[in-house]
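Notes follow once the structure below has been shown.
Nothing in this text is a laboratory measurement; each read-out follows from the coordinates by a stated rule. All of these numbers come straight from a predicted model, not from anything done at the bench. With ideal geometry, Cβ positions are generated from the backbone for all residues, glycine too; neighbour counts draw on all protein chains shown.
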Amino acid sequence: MADLSFVISMSVMTLFWGIVGGVVPWFIPKGPNRGVIVTMLVLTAVCCYLFWLIAILAQLNPLFGPSLSTDVILYLRYHWP
Amino acid sequence: MGALFRSEELCLVQIFLQSGSAYNCVSELGELGVVEFRDLNPHVNSFQRKFVNEVRRCEEMEKTFSDPVPSAPQPRDLLAIEEESERLATELKQVCVHSELALVNTICGNCRRKAQQVIFVYSWIFCGPSFFVAGVVHPWKVPAFERLLWRACRGYFIIEFQEMEKNPNVLETSDMTQWTVFLISFWGKTIGQKVKKICDCFHANTFFYPENTEERQELQKGLQSRIEDITQVLFQTESYLQQLLCRCVSILPQWKVCVMKCKAVHSILNMCSASVTDKCLIAEAWCPVRKLLLLQSALTEGTRRSGSIVDSFYNRLPLSSSSSPPTLFTTNSFTAVFQSLVDAYGVAKYGEVNPAAYTIVTFPFLFAVMFGDVGHGLLMVIAALWMILQNKDNKNTHFKNEMWRTVLAGRYLILSMGLFSVYTGAIYNHCFSRTLSIFPSSWHLRPMNWSDDTLRGSRFLCLDPNTTGVFRGPYPLGIDPIWHLASNHLTFLNSYKMKMSIIIGVLHMTFGICISYFNYSHSQQWFHVLLVLIPELLFMLGLFGYLVFLIIYKWLAFGPGQSDRAPSILLHFINMVLFTDNKETPPLYPGQVTHLQSVLMVVVLTSVPVLLLGRPIYLYYHHTRHQNMYLLNSLEHHSIRKQLEFDAVEVFMHQAIHTMEYCLGCISNTASYLRLWALSLAHAQLSDVLWMMVMRTSLSSRGMLGSVVLAGFFSFFALLTVSILLVMEGLSASLHTLRLHWVEFQSKFYSGTGYKFSPFSFTSITNPL
């Protein structure tokens, strides 16, 4: 169950940024700005994917959990599933 | 690749301009704006150049145009402009003189009229024969005048003064002051002589005054008609002057432009050298290779316009190693701002890789890592879109303020920064410091099974990920929303952000080192790739690449089950570098200390001397081999041997400095990337405080009064958000990003010692904006 959500999110993001950085550059029409646009797409894909990846890897195996105050716990008990 | 990757190819051309058509050819080139001329007479004084007279004439004409009412310059017959301006100037001067004369006459007339009015009073009083003297005197001399007259004539006279109304000034040249009319009546001739002498003394203008009434009336009528005539003349003169000036105003801007162009062309012609036969001028210029055809067509057009038969042509010269061409990047309005960011540090050398191509994405991305808020990012995007739309309608004529124009020029930069900030804000889960729960949180409370007593007993309770069901997989997009509600959220976030900064920093710097490969391959320095690039890469990746590996390994391998024995990465790293082995810190993986780390340290430590000595030794060996070759044919190659003179000490020192700078820089630059963590923390905390202190207190007020209070507080909140969080934090984050690019990224491959290609074009001269 937990693994499934992780696998889904991982594959969706990888696919999305993979398309942006690997597939879309082939469809940019030839012109004086083609090089710049392709560079921009590849760099954006790499940066954004990396940023998301770091965020999810940091939370994969938490070494400690959040420390909540009792008010918050009481609130969350009834409002969050 | 694209035009932004490397400078456009430029070549040196020698242009042969026939003397007849030289002026026209150069003006055609100026209209086109394609070439940059080189000064072929650098050691010639500007007063000794060939076309110095023409330049001087143009400058004199420019001075004339700057004066709104010209004072008749000495004309030299050069162009129709000069003739016309001279004509206009003389006309204006004549008009001035005439109006001056007319004015003086008017004064006299007015004075006499006034005097007539005074006389009518006195003609009733005196019965005996009296003599009259009428005149005008300056008002400030009146008391002294009167006193002197009184003392001289012992009171046997009557004097009457009358002020005159002020006449409007037309020119500054005529001295228009107020005059006072006086009329003296006296008996006796001796008094008359005294009075006349005193009048002369005081520089008072006297007028003829008739004795009897009829003559006076005749005189008055005559004066009246004369005054009318002269007023008429004045009026017509003024309208004519107005016409003249209007014509000037309409033609003056064109003339200014013409004279500027003429002067520019002549200064370019000054830079050319005369050929041996003196029939044509030779100019040297830098021209982009793909514009060479345009150059030829401009030359033919110029030749055709001057009506000469012989064509001007160009000849392409090979590039010598002594002079390097200027750098040209063709940018559009989007890429121009990023290019200017890089150029502010230093213009790229010809043939060097241009970092601006990558700055287009990395600058907004690193800014967004430090800014990271969806709400603030959206505000930036809206502001940027407004600026872009403003600029599309009226092209930069609307705003005159200097600072505002600078901000407008960076509208695309602000747009991309805003878009990236929205993305990083979504990952950080910050929207005006509030978290968004798009997906349900991964941390669950119920499996903890806390009883009410436990809750009442303690203030803070910690969720334990070891209990099954509490933690169900990582949050799919970004940081889990529960962390914002926790009291120990900074402990988690700091660790996450610091590691993220190091990873991004190491990758950014490695990217920079890899770019230097393209520089070496372009200049065919293959041995430098082996002797400089590889050791640099090994040093960086061996130390900090391994650190990144440790971070990721710890994230993947150590979970809640091993949380009591999770080792500290920093301690391991320090132990690795110092070659110590602390038994208390458990290894991350088996074989860590003995095998992998020692191998890495050996590799790193050997790469340092290779970096230090490799290149100088290679250059020295290369030089001695060439010297031996030239010694065999020593007679012809004396001059070449001088060029190959090799200063061994300088090369070794240079390489030593480079090595030290690189190695120490690696460590300090990696730590410098921690500012990504610092600024994002500051931004998050600032927006959090603003929310807590301002909006939260206002949202808790209730009722009708509460809504009014809320409106007031919200405006305060909005003001502080824009001024502190958007403007101040935005500027601060931009500055830090700029520093990261200029120092940490560009120092790995960029030299920035070139100069910009500035073509000779009339548009840059006439609109210096």
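Observations on the model:
- From its DSSP helices (H runs of at least four residues, each -39,500 (n - 2.57)), chain B gives a residue-normalised ellipticity at 222 nm of -19000 deg cm²/dmol.
- By the count of neighbouring beta-carbon atoms within 10 Å, fewest first, B:Met448, A:Met10 end up ordered A:Met10, B:Met448.
- Mean separation of Cα contacts under 8 Å (6+ apart) over length of the stretch B:525-673, as relative contact order %: 31
- Linear extension gain, B:Arg702 paired with B:Asn205, 0.36 nm per residue minus alpha-carbon span: 169.9 nm
- Counting every alpha-carbon pair across the protein assembly as shown, the share separated by more than 50 Å comes to 50%.
- Phi to ³J(HN,Hα) by Karplus 6.51 cos²θ - 1.76 cosθ + 1.60 over the stretch B:463-469, Hz, x for Gly, Pro: 6, 9, x, 5, 5, 5, x
- By the count of other C-beta atoms within 10 Å, a proxy for reagent exposure, A:Phe27, B:Phe145 are ordered fewest to most as A:Phe27, B:Phe145.
- Here the simple spin-label model places points 7 Å from the Cα toward Cβ, and for B:Tyr553 and B:Leu605 these points are separated by 2.0 nm.
- Given R0 = 60 Å, the distance between the Cβ atoms of B:Arg87 and A:Val12 translates into a calculated FRET efficiency of 0.15.
- Taking the C-alpha atoms only, the angle from helix B:411-428 to the longest principal axis of chain B is near 30 degrees.
- Distance between the 7 Å Cα→Cβ label points at B:His623 and B:Gln242: 8.1 nm.
- Rel. contact order, % - alpha carbon contacts under 8 angstrom, at least six apart, the stretch A:1-79: 27
- Per-residue Karplus couplings for the stretch B:248-259, computed as 6.51 cos²θ - 1.76 cosθ + 1.60 with θ equal to phi - 60°, are listed in order as 4, 4, 6, 8, 4, x, 4, 4, 4, 4, 4, 5 Hz, Gly and Pro entered as x.
- Dipole size of the stretch B:306-419 about its Cα centre, with +1 on Lys/Arg Cβ and -1 on Asp/Glu Cβ: approximately 160 debye, rounded to the nearest 20.
- This model, with +1 at the C-beta of Lys and Arg and -1 at the C-beta of Asp and Glu, gives chain B a dipole about its Cα centre of some 820 debye.
- Take each residue of peptide A:42-52, count the partner chain Cβ atoms within 10 Å of its Cβ, and average: the result is 6.
- Paramagnetic reach from A:Tyr75 (point 7 Å along Cα→Cβ, amide N under 15 Å) across the stretch B:696-719: B:696-701
- Residue-span extension gain [B:Cys11 to B:Lys756] - 0.36 nm each, minus C-alpha spacing: 266.8 nm
- Alpha-carbon spread of the stretch B:525-673, three principal axes, descending order, Å: 81, 30, 24
- Lys/Arg +1, Asp/Glu -1 at C-beta; chain B dipole; positive extreme among B:Leu463, B:Asn354, B:Ile551: B:Leu463
- Within 10 Å of the Cβ of each residue in B:500-508, the mean number of Cβ atoms contributed by other protein chains is 2.
- Nearest 10 degrees, 0 to 90: helix B:80-123 Cα axis against chain B principal axis: 50
- Efficiency of FRET from Cβ geometry, B:Asn53 and B:Cys514, R₀ 56 Å, rounded to 0.05: 0.45
- Sorted into 10 angstrom bins from 0, the C-alpha pair distances of the stretch B:686-731 split as 29, 47, 20, 4 percent.
- Amide hydrogen proximity for B:Gly752: with H placed 1.01 Å from N in the peptide plane, the residues at 5 or more positions away or on another chain lying under 5 Å are B:Lys349.
- Divided by 2.2 N^0.38 Å, where N counts the residues, the Cα radius of gyration of chain B comes to 1.60.
- Sequence-separation-based contact order of the stretch B:267-366, relative, with Cα cut under 8 Å and 6+ spacing, percent: 15
- Distance from the Cα centroid of the stretch B:651-707 to that of the stretch B:418-463 is 22 Å (rounded to whole angstrom).
- Phi to ³J(HN,Hα) by Karplus 6.51 cos²θ - 1.76 cosθ + 1.60 over the stretch B:478-493, Hz, x for Gly, Pro: x, 8, 4, x, 5, 4, 5, 7, 7, 7, 9, 5, 5, 4, 5, 5
- Ordering B:Met576, B:Met692, A:Met13 from the fewest to the most neighbouring beta carbons within 10 Å gives B:Met692, A:Met13, B:Met576.
- Between the amide H of B:Asn205 and those of B:Val136, distances stay under 5 Å, these residues lying 5 or more places away or on another chain, with hydrogens modeled in the peptide plane.
- Computing FRET efficiency as 1/(1 + (r/R0)^6) for B:Thr190 and B:Thr231, where r is the C-beta to C-beta distance and R0 is 45 Å, gives about 0.65.
- Averaged over the residues of B:471-482, the number of partner chain Cβ atoms lying within 10 Å of the residue Cβ comes to 6.
- For B:Cys11, residues with placed amide H under 5 Å, excluding near neighbours: B:Cys287, B:Val289
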